[in-house]
Amino acid sequence: MAEAVEPSVPPCTAIEAANWFIQKGMDEDDPCDQMKVHKLVYFSHAWHLGNDMGPLFEEDVEAWQYGPVVPSLYRKIRKHGLQPIRELIQEFDWLEEKVKYPMPVLEYDEFFEIIWGIYRSWTGIQLSNATHREGEPWEIMNRRGYLKDKTIIRNSLIQQVYAQKVEELQDS
């Protein structure tokens, strides 16, 4: 699906990935809502794992009611509710004593462009529904009864499912 990001490139954070998609949506005058951002970040992470490129970020992904969520990202964007997000997520840098808008290093641009190209026309609800399909990591967690506890969806499960998807794409 995508070429591997160089091993020397640091992993990005879920916030950086989210800001990439938020910026892209604003640039194209089609801002993403909270659910779409969550799912774009998740699918980026899943395809990164499935393509043997390792985890995209180090934060945990949890199985929530409407699909996979990174809790640290949720805390940053929940204030937007169902409204389109029209501002980047900011973080305060205590060392430099200023507000920053975290973005991934440029080496990730090609990868995120591929993800955006696949999912840009999908709504947050459609993306959420896609995470609920049979055989998806979220659906597996739900079937096992872990959903009520917001259990971590292990990277090993995500990688297993998405490596199979990559293999199926290569065979077709």
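Read the figures in this text as sums done on the coordinates, not as results from a lab. Everything quoted here is computed from the prediction, not taken from an experiment. Quick reminder, even Gly has a Cβ in these numbers, built from the backbone with ideal geometry, and neighbours come from all protein chains shown.
Restricting to region 133-165, name every residue that is of a type in the set (Val, Ile, Thr) and either under 17 Å from the mean Cα position of the chain (by Cα) or part of a loop (DSSP other than H, G, I, E, B) (or both). Once the filter is applied, which keeps residues that are of a type in the set (Val, Ile, Thr) and either under 17 Å from the mean Cα position of the chain (by Cα) or part of a loop (DSSP other than H, G, I, E, B) (or both), region 133-165 yields Thr151, Ile152, Ile153, Ile158, Val161.
Quick check on region 151-172: of everything there that is surrounded by fewer than 14 Cβ atoms within 10 Å (Cβ to Cβ) and not acidic (Asp, Glu), which residue is nearest to Met35 (Cα to Cα)? Spell out the reasoning first.
Residues of region 151-172 surrounded by fewer than 14 Cβ atoms within 10 Å (Cβ to Cβ): 154, 156, 164, 167-172.
Checking the rest, the ones that are also not acidic (Asp, Glu) come to 154, 156, 164, 169-170, 172.
Numbers: Arg154: 21, Ser156: 24, Gln164: 25, Leu169: 26, Gln170: 29, Ser172: 31 Å.
Step by step, filter region 151-172, then rank; the result is Arg154.
Just to be sure, is Glu168 without any contact (Cβ under 8 Å) to a residue 40 or more places away in the chain and part of a helix (DSSP H, G or I)? Yes. Out of region 115-136, which residues are farther than 30 Å from Met26 by Cα and either of a type in the set (Asp, Glu) or surrounded by 13 or more Cβ atoms within 10 Å (Cβ to Cβ) (or both)? Matches in region 115-136: Glu134 only.
For Leu82, the criteria (1) under 30 Å from Asp29 (Cα atoms); (2) surrounded by 14 or more Cβ atoms within 10 Å (Cβ to Cβ) hold in every case but one, which is (2).
If a residue must be within 27 Å of Gln83 (Cβ to Cβ) and among the basic types (Lys, Arg), how many such residues does region 134-172 contain? Within region 134-172, residues that are within 27 Å of Gln83 (Cβ to Cβ) and among the basic types (Lys, Arg) number 1.
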